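What follows is a short report on a single structure.
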Amino acid sequence: MSERYLRRIYWRLTGVIMLAVVVALAANSWLSHRAFERALVPEMAKKVATVGASIRALMLKAVEHRIDFRDLYGVERIFDEVREENPDFSYLAVTDVQGAILYQRFNAPPGIETHFRSPTVLAALANPDTVSDAVRVGSQYIVSLPVASPSGPLGVLHIGIDVRFVDNIVLEMLLDVLVVLVVALFFTLELLNFIAGARLESGLRSLASILERGRTGNFTTPPKAASEVEFGGVLKLLEAVAARVNAGFLALTRDIEAARRDPAHERKAGLSAAQSGLQDLRQRFRFGDERTDEAADDGELARVRAPLFAFILAEELTRSFLPSFVKDLLVPIAWLPAEIVVGLPIALFMLIVALGQPWLGAFNERIGHRRTMLFGAAIAAAGFAACALAHNVLDLLVWRSLCAVGYGMVFVAAQGFVLDHTTPSNRARGFALFVGAIMVATVCGPSIGGILADNIGERFTFAISAVLALASMLAIRVLPREPASTAGEKFWGAPRLSDIGALLVNRRFMTLTGLAAMPAKILLTGVCFYLVPLYVLSIGSSQAMAGRILMTYAVVMVIVAPVAANLATTREYRERLVAAGLLVSGLGGLLMLASGGVLWVFAAVLLVGLGQSLSITAQSALVSEHCSEEISRMGDHTVYGVYRLLERLGNALGPLIAGALVVGYGYERGFVAIGALVLICGIAFVLATRVGRSPAFAAAG
């Protein structure tokens, strides 16, 4: 029974649980959607009746002043004012007691005159205090309110709402339900992983290990007690069997050795055969105590995922509405256009995270991972709470700086925790857990943040982020107080200026960094974090829609990035993946040449996510291959440190470049310009890497 077989069992169990959750959530979503759809039109009719009552009161007041109902002045003007305050109203009309139209405004649906003269509508005049149900006429829902004075009925006020408006509300509700469904699935996976996933997988791995040891005849005593993992009882029984075999062999060895020390005339017959059999057993099986250098503990490692997920989720909640929130807090700055000021909080956040990593890393090494994460989460929580109370963009910059410092501290400490609790043999698995928590938070955060911002406001959503950051501290407290450092592991400070300068003029290094890493990050923050939230609002959509679009990016990353990582097996494949990622991402920006609708923004972000997921893992792997000489001379910490620094500077430049493009050319052309920049970089990368395979290029590096 192999570990792979037991892992299949584990994933099947997880699949069954997830299937049950999906069915339950889907049924709940369908029932909620149907209930909402049934309640929407009656609720809409109530709103129409409230507005119609005000219009009716004005007409009755005019009639009280002895103005004939057929000669009222300014009715169309009142209709215009009502339409301005209620853009969902598509038609307003007043008819007499026979259903003839006296006043009307805007677009009358086909068949409306027949509806006005229908017995059902005219019968309502007998009971002027009632409001009719919304009735669909052509492409509109019509609500009719009788108008009656003390002397008798005067006519009927009719207000129409376009069916498309109602359908759009239903669609928005459906999309929100689907978003909640997807987020609930990811939350369920995280909850399963937090409650039992890591320990269950560790238990299955231990069970597979002891069964495999028995199959191969390895009866050595394992260094880890079975009670520390799941299936402890079963493992104890199996280990006890192995221990009895091991003890029996050791006892047999001692007896034979004791018999050999007896005088020759006292030795029992068959001792030579017993010795031969013992030697044969030694060759076929393993006995004794097992010693291992494996220091990683999956149970300990899994502890960091929950606090990391909760903390990153707090930051991701703000992603979809932060630019519009900044726009509402703008104050005039004489030497900076407003569009660039809107991008400053995002750029400053990225810059602090980029430049602060070496010093935050040193702080983490000095006081430990757990305390660093606690301090970082507390600082970020204070920053989120202060953002909720910000008066203008200037103090918001200060509070977002606090959030950036806290984010950097938690990120560095969590990364250090993974390093300290993994060995080279399982480090990839450890970082997969680390990146997985970030990606799941990236899926859940923007969509839920957009829905919250639309329903309770941006400031309350910032407050929720502060609560999440504080909640992450409860999970951080579960982490060990003094994590054991990995042997030989050392934190490296900021690269020296001479090293940075040498790499900046290195053609092979800058081919990867300047043509791939930085443009990709400029595209990510400039388009996804800046342009998308602002542009979606500018075309009349909602912050919830912006969150859904950004969620699309994260979902594509979660699905495609592991596949791309498996394909990146050689340098040539990695270069192709990076080039394809740049070209696909660039085409995403160019899609806005076709149209400026929300669906095209969805398509653009989908392509950006696809391009980023193709190239992100291959880029990092290519650093060691493009710059092997520099790594041997400067060390991989220096080369990768400069690479990460420039990559994060691309993050900081993205919103500023996007803001400058919006100032000069508008949102749509901003999309196109950044997309064209990345597309050109992709073409240049293809040409440079083709030339880069020649000996002359390698020598010129």
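Read-outs throughout are calculated quantities, based only on the coordinates presented, and are distinct from any laboratory measurement. For clarity, every value in this text was computed on a predicted model and none was experimentally measured. Note: ideal-geometry Cβ built from the backbone for every residue, glycine included; neighbour counts use all protein chains shown.
Taking every C-alpha pair closer than 8 Å and separated by at least 6 residues, the mean separation divided by the residue count of the stretch 496-701 gives a relative contact order of 38 percent.
Phi angles of the stretch 248-254 translate, via the Karplus equation with coefficients 6.51, -1.76, 1.60 and θ = phi - 60°, into HN-Hα couplings of x, 5, 5, 5, 4, 4, 5 Hz per residue; Gly and Pro are given as x. The stretch between Ile456 and Ala240, if pulled fully straight at 0.36 nm per residue, gains 71.8 nm over its current Cα-Cα span.
Modelled this way, with points 7 Å down the Cα-to-C-beta line, the labels at Val478 and Leu593 are 5.2 nm from one another. Annotation: amide H-H contacts under 5 Å for Cys627 (H modelled 1.01 Å from N, sequence separation of 5 or more, or interchain): none.
Averaging the sequence gap over all C-alpha pairs within less than 8 Å and six or more residues apart, then dividing by the number of residues, gives the stretch 27-168 a relative contact order of 25 percent.
The Cβ shell under 14 Å around Ala347 holds other residues with a net charge of +2, Lys and Arg each +1, Asp and Glu each -1.
A simple packing score, the average count of other Cβ atoms within 10 Å per residue, orders the peptides 143-155, 273-285 as 143-155, 273-285, with the highest score first.
Between Ala39 and Val398, the distance separating the two model label sites (each 7 Å from Cα on the Cα→Cβ line) works out to 4.4 nm. Between Asp133 and Ala258, the contour length at 0.36 nm per residue exceeds the Cα-Cα span by 34.7 nm.
Sorting Arg83, Arg548, Arg305 by the number of Cβ atoms found within 10 Å of their own Cβ, with the fewest placed first, yields Arg83, Arg305, Arg548. Residue-wise HN-Hα couplings along the stretch 576-583, as the Karplus relation 6.51 cos²θ - 1.76 cosθ + 1.60 with θ = phi - 60° gives them from phi, are 5, 5, 4, 4, 5, x, 5, 5 Hz; Gly and Pro carry x. When Glu458, Glu81 are arranged by Cβ crowding within 10 Å, least crowded first, meaning fewest neighbours, the order is Glu81, Glu458. Note on the stretch 496-701: Cα Rg divided by 2.2 N^0.38 Å, N the number of residues, gives 1.04.
By the beta-carbon count within 10 Å of each Cβ, the least crowded to most crowded order of Thr318, Thr617, fewest first, is Thr617, Thr318. Phi-derived couplings, Karplus 6.51 cos²θ - 1.76 cosθ + 1.60 at θ = phi - 60°, listed residue by residue for the stretch 71-86: 10, 5, 9, x, 5, 4, 5, 4, 4, 4, 5, 5, 5, 5, 7, 10 Hz, with x used for Gly and Pro.
Taking amide hydrogens as placed 1.01 Å from N in the peptide plane, the amide H of Arg286 sits under 5 Å from those of Asn218, Phe219, each at least 5 positions away in sequence or on another chain. Using R0 = 41 Å, the C-beta based FRET efficiency linking Leu31 and Ile680 works out to 0.20. Summing charges over neighbours of Ala544, with a neighbour being any other residue whose Cβ is under 11 Å away from its Cβ, gives -2 when K and R count +1 and D and E count -1.
Taking the average, over residues, of other Cβ atoms within 10 Å as the packing measure, peptides 64-71, 52-59, 551-558, 116-123 rank 551-558, 52-59, 116-123, 64-71 from highest down.
For Ala26, what charge total do you get from the other residues with a beta carbon under 15 Å from its beta carbon, if Lys and Arg give +1 and Asp and Glu give -1? Intermediate results must be reported in sequence, preceding the final value.
Working: positive: Arg34; negative: Asp176.
Here the charged neighbours net out to 0.
Near Gln140, the amide H atoms lying under 5 Å from its own belong to Val163; only residues 5 or more places off or on other chains count, and H is placed 1.01 Å from N. Multiplying the residue separation of Val23 and Val97 by 0.36 nm and removing their Cα-Cα distance gives an extension gain of 21.3 nm. Under the criterion of Cα pairs below 8 Å and six or more residues apart, the relative contact order for the stretch 321-451 equals 28 percent.
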